[in-house]
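What follows is a short report on a single structure.
The values are calculated or read from the model by the stated rules, or taken from the named source; none is laboratory data. What you see is a predicted model; the values in this text were computed from it and never measured. Neighbour counts run over all protein chains shown; Cβ positions are idealised from the backbone, glycine included. Calculation scope for accessible area: heavy atoms of the full protein, side chains included, ligands and nucleic acids excluded. Shrake-Rupley method; radii C 1.70, N 1.55, O 1.52, S 1.80 Å.
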Amino acid sequence: MADYAIGDLQGCFEPLERLLERVAFDPARDRLWFVGDLVNRGPDSLACLRFVKSLGDRAVTVLGNHDLHLVCVAEGVEKRRSRDTLDDVLAAPDRDELITWLRHRPLMHVEGDMALVHAGLLPEWSIAKARALASEVEAALRAPSYRALLERMYGDKPDRWSDKLEGLDRLRVIINAMTRLRVLDDEGAMVLKFKGEPGDVHEAWTPWFDMPGRKSRDHTIICGHWSALGLRVEAGLASLDSGCVWGRSLTAFRLQDRAVFAVRCPESGGRED
């Protein structure tokens, strides 16, 4: 049995098929962990959603920012963007079933010393704390009143954590950290506007995983989201967005021995977001 974590698909289904063939994936014995952003910018969002859903408990996927965007568009609380490639999902006969399934995915998944999240974690959060906070968002997304969260989910403020935060402000900070975070400033605030390469980081900004005193260092964090960072595997970190939708590669990381596998991807016109 093997567990493979896979970087951002963003609607790139054909490279996923080739990657799974490369690792000889067997759903009878193996499992897949997806870092989120199953959809958008690539050509086959519908195929990606249907496939991951069909795997049942043989797959774990956490919510990414593009996944949440799809839910919001499908629910009519967010407008489509010019670069969206979500029409196949929105027109599908099983659209409602897929959107409901997606809305019920976790924001974070933890097993043993491995933690799966789309973007990152704030330095104040231990893994136990982060998992508890993720469960607050998950409960709100699964509640009958979930649209109240979707309608006010977007925004860059508050930009830092406080245990005193309540209501939608509290949930927005958790969502932004786990689905949008790349860097923080020298006061610990999220710089959510930054989407560039590590070499472009302002001298007063720090990648979230390099923050001093980060309380989640006792786990290996498996994430994606930052395609300009590229593949980065080191002690305590496996950042797997290797830019498939940009025409670079799709990467799998085997949890048992930290082996890395990759296939080349065709250019899909994607951009960092």
Within segment 18-42, residues of a type outside the set (K, R), open to solvent by 10 Å² or more (accessible area, probe 1.4 Å) and under 20 Å from the mean Cα position of the chain (by Cα) come out as L20
Here is a list of conditions, (1) surrounded by 14 or more Cβ atoms within 10 Å (Cβ to Cβ); (2) assigned to a loop (DSSP other than H, G, I, E, B); (3) at negative phi; (4) in contact (Cβ under 8 Å) with a residue 60 or more places away in the chain, and R217 meets all of them except one; can you say which number that is? (4)
When you look at E124, is it more than 20 Å from R31 (Cβ to Cβ), open to solvent by 60 Å² or more (accessible area, probe 1.4 Å) and in contact (Cβ under 8 Å) with a residue 60 or more places away in the chain, yes or no? yes
Taking segment 151-170 and keeping residues under 27 Å from A228 (Cβ atoms) and open to solvent by less than 40 Å² (accessible area, probe 1.4 Å) leaves M153, G155, P158, D159, W161
Looking only at segment 52-75, decide whether some residue is farther than 19 Å from A115 by Cβ, of a type in the set (S, T, Y) and open to solvent by less than 20 Å² (accessible area, probe 1.4 Å). no
Do we find that A128 is farther than 18 Å from D67 by Cβ and either assigned to a helix (DSSP H, G or I) or hydroxyl-bearing (S, T, Y) (or both) in this structure? yes
Selection count where residues are surrounded by fewer than 22 Cβ atoms within 10 Å (Cβ to Cβ), modelled with pLDDT of 95 or more, farther than 24 Å from D210 by Cβ and touching a helix residue (DSSP H, G or I) at 6+ places or on another chain (Cβ under 6 Å), scope segment 221-273: 2
Cβ-Cβ below 9 Å, separation at least six or inter-chain, first residue in segment 247-273 and within 20 Å of E111 (Cβ to Cβ) and small (G, A, S), second surrounded by fewer than 17 Cβ atoms within 10 Å (Cβ to Cβ) and at pLDDT 90 or above: which pairs? A252/R22; A252/A259; A252/V260; A252/F261
Across (1) without any contact (Cβ under 8 Å) to a residue 24 or more places away in the chain; (2) surrounded by fewer than 19 Cβ atoms within 10 Å (Cβ to Cβ); (3) closer than 23 Å to S126 by Cβ; (4) touching a Pro at 6+ places or on another chain (Cβ under 8 Å), G188 clears everything bar (1)
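When you go through K157, K195, K164 one by one, which is the residue that is under 27 Å from Y4 (Cα atoms) and either modelled with pLDDT under 95 or assigned to a loop (DSSP other than H, G, I, E, B) (or both)?
Only one candidate qualifies: K195.
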